[in-house]
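Report on one structure; see the data block that follows.
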Amino acid sequence: MPINKKDQLKEQIDKVLANKDKVLSGVYAKSLEQLVEDLKIYQYELEFQNDELRRIQNQLEKTVDEFEELFQEAPLGYIIMDENFQVIRFNENAKVNFIKELHYGKQNDFRKFIKVEDQDRFHLFCKRILKDYRRDEIELQLNAEDPLYVNITANVKKIDGKVFFRLALYDITRRKVTERLNRMQQQELSAITENMSEVIAVSDLNGNITYISPSCSLLGYQQEDFFDSTIFDHVHPEDINAVKESHARAFVTQKSDMVRFRYKVKSGEYIWVETSGSFIFNEEGEIARALFVMRDISHLIEHDRLTQEVELNKKNLQFKQKFLASLSHEIRTPLSGIIGIAELLEKTHLDDTQKDFVNTLVNSSENLREIIDQVLDFSKIEAGKVKLNKTVFSPESILNYAKETFGLICKKEIVFESVIDTPLPNSIFADQKRIMQVINNLLVNAIKFTEKGKITVSYSHEKSDDGKTLIVKIGVSDTGIGIDPKLQKHIFTPFSQVDEIDTEKYHGIGLGLTICREIVNLHGGEIGVISHPGNGSHFWFTFVAEVPESGSVYNSQKDNLQEKVLTHSLNILLAEDKPVTQKVVKLQLAAMGHHVTLAPDGKKVLELFKPNQFDLILMDIQMPEMDGITATKILRDLYNDLPPIIGLSANAFEGDKEKYMAQGLDDYLTKPFRSGDFKKLANKLFQ
Ligand code: ADP
């Protein structure tokens, strides 16, 4: 057993005390002296050691103070917790900047200061560093009024068998918030760019694409399709130069223009796009990138194209209408001379050859008038200017009309038959004139293309469920030459004469059936044909007719009403500037027994007119000096009691009659007119 100095001295003292009698006797006096001497030395040593100890203690206390100061004032929050997560020590920073609730002498479970969603993660983190005994870090959010994110660096120490976690807390809120904002902006940006109808592309100065929005799917592409590509890659070869120029110009002028060009989409086809751009600058204020917004404008281009087309069609149609109107006007004027003279000639004494000539003249001029009427009618229909004029009439009248027309025009050995499949109603409400026009056309064709046999006109109808309307079906069949099936579908389109037939023999310009189809369509019906070459044709059409209310029962007598015939001669003031028409109309009227006074223009009319002197004024519309409408207006202003004023014009467009009548005329005759047309009008006026 080691014996130190203190023990040695103690042993010596004990020895001296045990022999104190002897000591006093002087046997040990010498050793006592020695002991005292040793004790003194020992005391000096002790005092020295004591001084040293005090010095060390002072130094230690200073270090501890310094350490404490460092600990408290450290820029990080320091927390020491035990293995049960209880906070044992913390510095000022930890309390001030991270966890205000920290107090000594209180149970402080560190976990409860962490956001619930991060607690499990922290638990696992502590377990892991406890297992590995190595420093690690974790980022989590602490409970606080404002968002508070921390980075915790932790390690573990074992002191006297107890485990302590040392945590250093560093505030990363600003970084986290910025990150979150960036993420949100990123998400927003991609949400916007994904759903936008434009494609955004960013390129460098050379046109290399550095970004393309997900909306490039609008062009059929995916973002990865643009890796390593330039903004010029899919541009139409014809537009590439314009696009490159605009791109280069934009970088120089720092202004980008709107460019339209064709762009190849993934499917391979080109669509029209429009791009506008802006710039992204670097820190030195120089252009670093160009940003393009590209949108599909195919629909706009298509719309523009269609609008232009519609405009052009409208212009064409207007031009056609004007052209036809003036053409018709120009032809009608000389034609009225031909028809009038031919008619007058017919009534003179002629030998057989002359009669034949005049007959041909009458037929040809009538044919010409029919053609002009058809062309005009077609253009009216094409322009959508035809309105149905519905009246109440008996369907029987249209069958009678067919029979009469047949009787009048058919000079061949053909039998006429009418077949009524459904009992005829008393009356229907439709445009009688137009329905008769269709029947007339079909009948004229049937006669034209049939040499012998039979022509049948049939009638049937179907009632609608409520009994208010009828779908009337009219058929016109013949035993003529028939039509080749291949050509049948074309005959209802304009100018569609079947080529094979002898056009010399069968006159016509192929508009009749087109007009029929339009009229029937206006009536809500259809038209069709069944035909076998050599075996005749069966044309049919339907139209919707209303059944008039029982109160408005049609008076069937009206159809048969005999018009009173004008028997006396009339004193007529004829205003007409063209010498041929003057001569012809004057002769026509004279031949009917009327007396004619001629006025070459409106001014002369005003001069010649005297009240009670004329029974009728025939007023040409277009005249030099003063036109017919102006003259009529002045006459109406000057006189209360005027004879009927009948307009006379070669303008035969739909609406012309109404237009002129609205300007003061009592009725209207279109040139050329036959004596019969005038007679009809005179009978109506003077019956
Ligand atoms: P067009 O006025 O010239 O007769 P349409 O439009 O009425 O013209 O008829 C067109 C063509 O259809 C005629 O030129 C003729 O070739 C043919 N066609 C019409 N009706 C008949 C028919 N009943 N028999 C044979 N061919 C017909």
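Once you divide the Cα radius of gyration of the chain by 2.2 N^0.38 Å, the number left is 2.24. Going by alpha carbons, how many degrees (0 to 90, nearest 10) lie between the helix axis of 675-686 and the longest principal axis of the chain? Result, in degrees: 90. Structural descriptor for the chain: relative contact order 7 percent, calculated from alpha carbon pairs under 8 angstrom and at least 6 residues apart. Scanning residues 5 or more positions from residue 647 or on other chains, those with amide H under 5 Å from its amide H are 619, 666, 667, 668, 669, with H placed 1.01 Å from N in the peptide plane.
Taking all protein chains as they are arranged and a probe of 1.4 Å, the heavy atoms of residue 235 leave approximately 10 Å² accessible to solvent. Applying the Karplus relation 6.51 cos²θ - 1.76 cosθ + 1.60 with θ = phi - 60° to the range 231-248 yields 3J(HN,Hα) values of 6, 8, 4, 9, 6, 4, x, 6, 9, 4, 5, 4, 5, 5, 4, 5, 5, 5 Hz, where x marks Gly and Pro.
Once backbone amide H atoms are built at 1.01 Å from N, residue 431 has 391 as its partners under 5 Å, excluding neighbours fewer than 5 places away on the same chain.
By how many degrees, 0 to 90 and rounded to 10, does the Cα axis of helix 579-591 deviate from the longest principal axis of the chain? Between the helix axis and the principal axis of the chain, the angle is about 50 degrees.
Let me check I've understood the local charge: for residue 113, count other residues with C-beta under 10 angstrom from its C-beta, Lys and Arg +1, Asp and Glu -1. What total comes out? With Lys, Arg at +1 and Asp, Glu at -1, the neighbours total +2. Legend: translational diffusion of the range 267-367 by Stokes-Einstein, Rh = Kirkwood radius over C-alpha pairs, 10 °C, 1.306 mPa s; D = 77 µm²/s. First check a/c for the range 365-492, with a ≥ b ≥ c the square roots of the eigenvalues of its C-alpha gyration tensor; if it is under 1.5, answer rounded, and if not, answer prolate when a/b is larger than b/c or oblate otherwise. It comes out oblate by the Cα gyration axes.
Expressed as a whole percent, the accessible area of the chain that falls on carbon and sulfur atoms is 53 (1.4 Å probe). Loop-resident trypsin sites (Lys or Arg not before Pro) (DSSP state other than H, G, I, E or B) in the range 375-438 with no more than 14 further Cβ atoms inside 10 Å of their Cβ: 385, 387, 411, 412. In this structure, the amide hydrogen of residue 599, modeled 1.01 Å from its nitrogen in the peptide plane, lies closer than 5 angstrom to those of 574, 575, 576, counting only residues at least 5 positions away or on a different chain.
For the peptides 314-323, 75-84, 224-233, what is the packing order when you average, over each peptide's residues, the other Cβ atoms within 10 Å and list the highest mean first? Walk me through the intermediate numbers first.
Values: 314-323: 11.8, 75-84: 17.1, 224-233: 14.7.
Descending mean neighbour count gives 75-84, 224-233, 314-323.
In sequence order, the range 261-277 has phi-based couplings of 7, 8, 10, 7, 8, 4, 5, x, 8, 9, 10, 7, 10, 10, 10, 10, x Hz under the Karplus curve 6.51 cos²θ - 1.76 cosθ + 1.60, θ = phi - 60°, and Gly or Pro positions carry x.
Taking the C-alpha atoms only, the angle from helix 298-346 to the longest principal axis of the chain is near 0 degrees.
Over what distance in Å are the Cα centres of the range 30-94 and the range 333-354 separated? Answer, in whole Å: 151. Surface analysis of the range 214-355 yields an accessible area of 64 Å² per residue, using protein heavy atoms and a 1.4 Å probe. Kirkwood hydrodynamic radius computed over the range 241-299 comes to 12.5 Å, based on all pairs of distinct alpha carbons. Here the peptides 33-39, 45-51 are ranked by packing, the mean other Cβ count within 10 Å, and the order with the highest first is 33-39, 45-51. One Cα centroid belongs to the range 248-317, the other to the range 402-475; the line between them spans 61 Å. Rounded to whole Å, give me the distance from the Cα center of the range 606-659 to that of the range 522-546. Centre-to-centre (Cα) distance: 44 Å. Summed over qualifying helices (DSSP H, 4 residues or more, each -39500 (n - 2.57)) and divided by its residue number, the chain shows a 222 nm mean residue ellipticity of -14500 deg cm²/dmol. 3J(HN,Hα) couplings calculated from phi for the range 86-94 with the Karplus curve 6.51 cos²θ - 1.76 cosθ + 1.60 (θ = phi - 60°) are, in sequence order, 7, 6, 9, 9, 8, 9, 4, 4, 4 Hz; Gly and Pro show x. For residue 604, the lysines whose Cα falls under 18 Å of its own Cα, not counting residues fewer than eight places away in the same chain, are 578, 583, 586, 633.
Cross-link reach is defined here as a Cα-Cα straight distance under 27 Å, omitting same-chain residues fewer than 8 places apart; for residue 10 the lysines meeting it are 20, 22, 30, 40.
The values are calculated or read from the model by the stated rules, or taken from the named source; none is laboratory data. The shown structure was predicted, so the numbers you read here are calculated from the model rather than taken from an experiment. Note that we place each Cβ from the backbone using ideal geometry, even for glycine, and neighbour counts take in every protein chain shown. Just so you know, the surface numbers come from the protein's heavy atoms only, side chains and all, with ligands and any DNA or RNA stripped out. Shrake-Rupley method; radii C 1.70, N 1.55, O 1.52, S 1.80 Å.
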